[in-house]
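S.K.: Following this message is one structure expressed as structure tokens.
The values are calculated or read from the model by the stated rules, or taken from the named source; none is laboratory data. Bear in mind that the values here come from a model prediction, so they are computed numbers and not experimental data. Reconstructed Cβ throughout: ideal geometry from the backbone, glycine too, with neighbour counts over all protein chains shown.
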Amino acid sequence: MLSAQDLMKDGAQHLDEAIIQSINATKDLGKMTRTSLGPNGMNKMIVNHLDKLFVTSDAATIMRELEVQHPAAKLVVLASQMQEQEIGDGTNFVLVFCAELLGNAEALVQKGLHPSEVISGFMLAQQKAQEFLKELTVYTLEQVRNLTEVTKCLRSVISAKQYGYEDMLAPLIATACIQVVPKNAKNFNVDNVRTAKILGGGVLDTQVLRGHVLVREPEGVIKHVKNAKIAVFAGGIDMTSTETKSVVEIKNADQLINYNRSEEAAMEKAIKEIADAGINVVVSGGAVGEMALHFLERFKVMVVKCPSKFELRRVCKSIGATPLVRLGAPTPEETGSSDIVTLEEIGSTKVTIFRQEKEEKAGISTIVVRASTQNILDDIERAIDDGVSAYKAMVQDSRFLPGAGAVEIELAKRIQAYGDSTPGLVQYSIKKFGEAFEVIPRTLAENAGLKATDILSGLYAAHQKGNPTHGIDIEEGKIGDALALGILDQTGSKSSAIRLATDAAITVLRIDQIIMAKQAGGPKIPKQGPMDSDD
């Protein structure tokens, strides 16, 4: 009798008991990131395939740089990446909660429950959890442009990534977001808040500027212009060369002098046109020729070179300009403006700042990040990205839940009670779904060096007495009111994380066999990823 292995090419793999193997792989993945959860989460040191070093507690970065190969674990990683794309926060929650769900499901499967019954229970419990989340909302953000309210809502997101710096970073991120939020706040774009990383100084030296910061100095001698009218040229400022080769025959010195003069006259005419249109700053996306620079200096025009097309796009956005492909005077619609374009030295790094003093003109806001090492700079940048994404999410859904493990314990209590009232075998999987929520407060307690058993029993006791906002006060090492402590979790983020983690767990539970074809020989095809986040 033929086996499944005999039907396939030599080298193919066929694994039975795939559920247990998949669950074990996912549990190992959850254990890996679990110690990085919460404000006291530990950092991971990752060396990626290009030998680049990362020191971070950000689960999204850990998963991106670790190339997970196991097919079931990959499903959970994809769920975590989807959370990162949709919300920008809560990626570690997805990984840890999904691993715990599958660990609890394993116990039920080994006791003889069929995976389809476990799946049915998980689906019912997930729907019930979404209903409970609506009831557990304790705070609603009324004004998305109110600095105090927005700062209060961002503190928890920042403290989970950069514990100790949340009181300094949260107001900066809130200020940067409020500066660029459009009239219809729901159209807020996270790309309008940029970061400029400058090595040196300390994290406390980080500041917000209204406008764009280019980490390079201007060309030439003009370094400061007020009330700037700006022309942006995408292709550089130089004499254009023809596509076809040609030969110019020069017979005497006069012809050579006249030939050079004609080139100079053409360049001077083009630069004079630009200056006569009122332009006093030009931004070049390519090389600036020496002759062009000479005439630009003569007409008192400041020159800024910006070789990156992505950076050029951001400069255009911040000043309201259209990049030109021809060398000549721009129309008023194509001209950008900035209140001040100036060279400043931050630390020992020279930067060009396109500063917008008026609030309505700010298309881009920049957070200038300072730190003593490149790793800290990168980690602060990741925390800022999370904070900006959290602002976008709170603009879409302004409801908040109590944090510090309070909402998880309340969900665990309510879902287990719902399981007790449900007839049939699905009640076991519903109760196990409820139990899975305990992993978050348990992990927060363990990472803070507290006794997890005592904290969990204390939380359950507080919630049984009718205190649904009580969570873990990690500073005091006891149970505290999360609302009074100002620890808030976004309802949309929590809802999305629970949904994605449950969907990933159900997908893994539906797998009964893993069949892998023999890998093709030869070199692997390189991944064609985007060159930049703007792609």
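S.K.: What number of residues within region 145-170 satisfy the criterion of being touching a residue at least 24 places away in the same chain (Cβ under 8 Å) and surrounded by 19 or more Cβ atoms within 10 Å (Cβ to Cβ)?
M.R.: Final tally of qualifying residues: 13.
S.K.: What number of residues within region 295-310 are surrounded by fewer than 21 Cβ atoms within 10 Å (Cβ to Cβ), touching a Gly at 6+ places or on another chain (Cβ under 9 Å) and in a helix (DSSP H, G or I)?
M.R.: 2
S.K.: Here's a follow-up. Among the residues of region 141-157, is any under 22 Å from the mean Cα position of the chain (by Cα) and of a type in the set (S, T, N, Q)?
M.R.: Yes, some residue in region 141-157 is under 22 Å from the mean Cα position of the chain (by Cα) and of a type in the set (S, T, N, Q).
S.K.: Looking only at region 115-142, count how many residues are under 17 Å from residue 101 (Cβ atoms) and among the charged types (D, E, K, R).
M.R.: 2
S.K.: Restricting attention to region 129-138, does a residue exist that is at pLDDT 85 or above, surrounded by 22 or more Cβ atoms within 10 Å (Cβ to Cβ) and not assigned by TED's automatic domain parsing to the domain that holds residue 366?
M.R.: yes
S.K.: What's the number of the condition residue 69 fails, among (1) out of contact with any strand residue (DSSP E or B) (no Cβ under 9 Å at 6 or more places or on another chain); (2) surrounded by fewer than 22 Cβ atoms within 10 Å (Cβ to Cβ); (3) touching a residue at least 24 places away in the same chain (Cβ under 8 Å)?
M.R.: Among (1) out of contact with any strand residue (DSSP E or B) (no Cβ under 9 Å at 6 or more places or on another chain); (2) surrounded by fewer than 22 Cβ atoms within 10 Å (Cβ to Cβ); (3) touching a residue at least 24 places away in the same chain (Cβ under 8 Å), residue 69 violates only (3).
S.K.: Also, I was wondering about something else. Of 353, 367, which residue is over 22 Å from residue 92 (Cα atoms), at pLDDT 80 or above and within 17 Å of the chain's Cα centre (by Cα)?
M.R.: That would be 367, the only listed residue that is over 22 Å from residue 92 (Cα atoms), at pLDDT 80 or above and within 17 Å of the chain's Cα centre (by Cα).
S.K.: Residue pairs, Cβ under 7 Å, 6 or more apart or interchain, first in region 76-92 and farther than 14 Å from residue 393 by Cα, second β-branched (Val, Ile, Thr). List them.
M.R.: Listed by first residue and then by second, the contacts come to 76/26; 77/68; 79/94; 80/91; 80/94; 92/33.
S.K.: Can you find, within region 450-467, the residue that is farthest from residue 404 (Cα to Cα) among those that are within 34 Å of the chain's Cα centre (by Cα) and either surrounded by fewer than 13 Cβ atoms within 10 Å (Cβ to Cβ) or β-branched (Val, Ile, Thr) (or both)?
M.R.: 451
S.K.: Can you tell me how many residues within region 447-468 are free of Cβ contacts under 8 Å to residues at least 60 places away in the same chain and either farther than 18 Å from residue 416 by Cα or among the acidic types (Asp, Glu) (or both)? Even if it seems obvious, please write down each step before you answer.
M.R.: Taking region 447-468 and keeping what is free of Cβ contacts under 8 Å to residues at least 60 places away in the same chain, we get 450-467.
Among the residues that remain, those that are also either farther than 18 Å from residue 416 by Cα or among the acidic types (Asp, Glu) (or both) are: 450-455.
Total satisfying the criteria: 6.
S.K.: Provide a single number: the residues in region 279-328 that are among the charged types (D, E, K, R), on the phi < 0 side of the Ramachandran plot and more than 37 Å from the chain's Cα centre (by Cα).
M.R.: Step one: list which residues in region 279-328 are among the charged types (D, E, K, R), which gives 290, 297-298, 300, 305, 309, 311, 313-314, 317, 326.
Those left that are additionally on the phi < 0 side of the Ramachandran plot: 290, 297-298, 305, 309, 311, 313-314, 317, 326.
In the following step, the residues that additionally are more than 37 Å from the chain's Cα centre (by Cα) were identified as 290, 297-298.
Result for region 279-328: 3.
S.K.: Of these, 247, 225, which one is part of a loop (DSSP other than H, G, I, E, B) and either exposed (fewer than 13 other Cβ atoms within 10 Å of the Cβ) or at pLDDT below 85 (or both)?
M.R.: That would be 247, the only listed residue that is part of a loop (DSSP other than H, G, I, E, B) and either exposed (fewer than 13 other Cβ atoms within 10 Å of the Cβ) or at pLDDT below 85 (or both).
S.K.: OK, next. Right, residue 366: β-branched (Val, Ile, Thr) and surrounded by fewer than 20 Cβ atoms within 10 Å (Cβ to Cβ) or not?
M.R.: In short, no.
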